[in-house]
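The values are calculated or read from the model by the stated rules, or taken from the named source; none is laboratory data. The structure presented is a predicted model; accordingly, all values stated were derived computationally and were not measured. Heads up, the Cβs are rebuilt from the backbone with ideal geometry, glycines too, and the neighbour counts pull from every protein chain shown.
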């Protein structure tokens, strides 16, 4: 029985469709039926492996497909000797990926059958033909990309919306997918801008509207049907609304804005006034004087202690290019790469600067942080209460101006816990209370 099994030949059928559609003649079931009938008619001496390899709703632009991954694993295990597909582009639409798959088949001794092209094989002529067909498949994919790019440019020229989440204050027309005003939300947007014109900060506006029971926009994901949003507002979300040109009938376009075909909610003069108010806060401290602090993209530079060796973490950046886009993304990190004391840097000690800075900022905005300080400074409880009130009303950019002056050291444990130590002269460093005497140490707050 063992020899008979070894001499027997088995075949697998691979199918793929970009979108799930049981009615589509190019569906996985239709492809499977075509391949199975062809195999029974032209290869009656080989047997089906009794396992389906169907990728429903997966693009041919990537090889990361569940059924294809299983097929390749079975090929490595030599579970069958033949693979049937309807068209070559069912395998892949990339020339490089197709060539790689064909090479895998050849090394494993797999005979590939393209049913709609019976003259196809994996010999010399077949290799040439497969490369040629794969080139056309990739060419077709590039044409699709070009058509999409042309369509985007056309939409931009006529002030149309491209994609992305629907902004608060608007809905989308079911037919055109373009923005239409949501009456209830647009009224709230107008009140938010009115409060900003009165000088209220995003933090102050957030406190007011959350007390009124306002909620962020509720979104439903088309692919999964999952709901998100409908939460309490955060200051950064209010700041994003106040900076968004969509409310004056425009769309963001890189570092500028382009004309939009939708109805404006805010008058241009009011929007411009809010921008001036926000800009004035970013360039002035609480006394109204120009800030002399040189901007440092690393808020906690020289303050974080490595949890393994006790040396201070240094800063690091990594640039990642964006496909088909100008420029790229810069990622910031705090990492251990010091050689002080003749010791090599600690491996795997690297933290996202954004996440760590957000963690510290959130901690300082929590009342518990200030309560711990009051335990160290019980005689200054009233002053610290006032400081916390003022701190909670400051714009985020202003807070970041003073965090380096307030925090002396940050220690991280191997369990990702954080300990913040403030300078002993905390009160005098806070601008409202300059000139106050130094106090006791405020370690491990």
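Here 160, 147 are screened, and the one residue that is exposed (fewer than 12 other Cβ atoms within 10 Å of the Cβ) and modelled with pLDDT of 70 or more is 147. Taking the criterion of being assigned to a loop (DSSP other than H, G, I, E, B), touching a residue at least 24 places away in the same chain (Cβ under 8 Å) and more than 23 Å from the chain's Cα centre (by Cα), the residues of the stretch 61-83 that qualify are 78, 79, 80, 81. Checking the conditions here, which among 89, 97, 55 is crowded, with 17+ Cβ neighbours inside 10 Å and over 29 Å from the mean Cα position of the chain (by Cα)? After ruling out the rest, the residue left standing is 89. Figure legend. Inter-residue proximity from the stretch 379-392: first residues not assigned by TED's automatic domain parsing to the domain that holds residue 235, second residues modelled with pLDDT of 75 or more and exposed (fewer than 14 other Cβ atoms within 10 Å of the Cβ), beta-carbon distance below 7 Å, spacing 6+ or different chains. Indicated pairs: 388/367.
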